[in-house]
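Notes for the one structure printed next.
The values are calculated or read from the model by the stated rules, or taken from the named source; none is laboratory data. Treat the numbers as computed from the prediction; the structure is a model and nothing was measured. Don't worry about glycine lacking a Cβ; one is built from the backbone with ideal geometry, like all the others, and counts go over all protein chains shown. To get the accessible areas, we keep the full protein, side chains included, count just its heavy atoms, and leave off ligands, DNA and RNA. Shrake-Rupley method; radii C 1.70, N 1.55, O 1.52, S 1.80 Å.
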Amino acid sequence: MTESPLPPAKVGILLVNLGTPDGTDFWPVRRYLKEFLSDPRVIETPRWLWWPILNLIILTTRPAKSGKAYASIWDRLGPGSPLRAVTESQAQKLAAWVAEGGLGAARPMVEWAMRYGKPSVAEKLDTLAAAGCDRVLVFPLYPQYSATTTATVCDAVFAALERMRVQPALRTVPAYPVESVYIDALAESYRQFAARLDFVPDALLLSFHGLPQSYADQGDPYPQQCRATFEALSAALKNDVKAAHMSFQSRFGRAEWLKPYTADRVQELARSGCKNLVVMAPGFAADCVETLEELDIENRHFFTEAGGVNYATLPCLNDSAEGMRVIYALIGRELKGWL
């Protein structure tokens, strides 16, 4: 009896971002928050203490408040959640680039997933495996590493592999806080944005997502990588900005988080005489509720109330030409030896 020949080897690429609710009403937001805030990587409080706080307090009050924030930016960058719309577009543009020969003769299959919410990481890994991909490159879309972000993507991938009889070989794209293609893209994005403004910025504020200080104290490298990005981008823009500052946003709960807090920093800048401010969020690969609502709406109010005049938020790299160049370059590098 003649054995069947081996099927041709096939590579898959999976872009993964944080996640989003399916809608802005109470129950979709609650489902999303429950999945997100139940992850022990995200909330390190002991389960016996966190469970009643989450289920009896947060999940009864927070969904309505968060839903209003999501509703204020829903459909802003396409149908539904901006984060979902941008991530899907990034995957579509990546697939088109691959089809046009961006990786030479190779034609990897491209999919995208959300760490929390839909489509799930497990669902998309099943899709890639069913299509015959025996090797998968997973790209967590976080420029700076944290156990609360990049590591949770890997957790979801490994959990999905645990139940597979035939597992694909796996690679993950590492964090890229000072990669030249990333810093150059951010710098060029700022220059193009500033050229369109009707005011001259007095300062540029780089706002990164926050992290509990206790996580950093236990060794999470996130704050050091944020600082490295800040310093590299400040150097790249030394002839383009008068002053550069950094801060951390999206604090949750009463514990101390990384400082300075963005809400405090924009007010301090306004009170110190900064009238014209541009805010940039280099740690986000796609615009989302934290950038479109928290930074652009909430912190704009804080700045003007404290005496500031002109305030502008720079869009994330998203699926722009600059942003896609980052994705293309990192994927091309990480697939060497597989193609």
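Could you list, in sequence order, the residues of region 125-171 that are in contact (Cβ under 8 Å) with a residue 40 or more places away in the chain and among the hydroxyl-bearing types (Ser, Thr, Tyr)? If the condition is that a residue be in contact (Cβ under 8 Å) with a residue 40 or more places away in the chain and among the hydroxyl-bearing types (Ser, Thr, Tyr), then TYR142, TYR145, SER146, THR148, THR149, THR152 are the ones that fit.
Within region 303-327, residues that are within 15 Å of ALA281 (Cβ to Cβ) have Cβ atoms under 6 Å from residues that are basic (Lys, Arg) and outside any loop (DSSP other than H, G, I, E, B) in these pairs: TYR311/ARG300, counting only partners at least 6 apart in sequence or on another chain.
Of all positions in region 188-204, none carries a residue that is open to solvent by 20 Å² or more (accessible area, probe 1.4 Å), in contact with a Lys or Arg (Cβ under 9 Å, 6 or more places away or on another chain) and closer than 22 Å to ASP319 by Cα. The residues on offer are VAL29, VAL42, and the sole one that is open to solvent by less than 30 Å² (accessible area, probe 1.4 Å), hydrophobic (A, V, I, L, M, F, W, C), touching a residue at least 24 places away in the same chain (Cβ under 8 Å) and part of a loop (DSSP other than H, G, I, E, B) is VAL42.
Results for (1) part of a strand (DSSP E or B); (2) surrounded by fewer than 21 Cβ atoms within 10 Å (Cβ to Cβ); (3) touching a Ser or Thr at 6+ places or on another chain (Cβ under 8 Å), shown as yes or no for each residue.
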| position | (1), (2), (3) |
| --- | --- |
| SER214 | no, yes, no |
| GLN224 | no, yes, no |
| ARG227 | no, yes, no |
| SER247 | yes, no, yes |
| ARG251 | no, yes, no |
| ALA255 | no, yes, yes |
| GLN267 | no, yes, no |
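Only residues that are surrounded by fewer than 18 Cβ atoms within 10 Å (Cβ to Cβ) and either modelled with pLDDT under 95 or of a type in the set (S, T, N, Q) (or both) were counted across region 90-106, and they come to 4. For region 308-339, give me the residue count where each residue is open to solvent by less than 50 Å² (accessible area, probe 1.4 Å), within 14 Å of VAL98 (Cα to Cα) and not aliphatic (A, V, I, L, M). Number satisfying all stated conditions: 2.
Scanning region 152-180 for residues that are hydrophobic (A, V, I, L, M, F, W, C) and either on the phi > 0 side of the Ramachandran plot or buried (at least 17 other Cβ atoms within 10 Å of the Cβ) (or both) gives VAL153, CYS154, ALA156, VAL157, ALA160, VAL173, ALA175.
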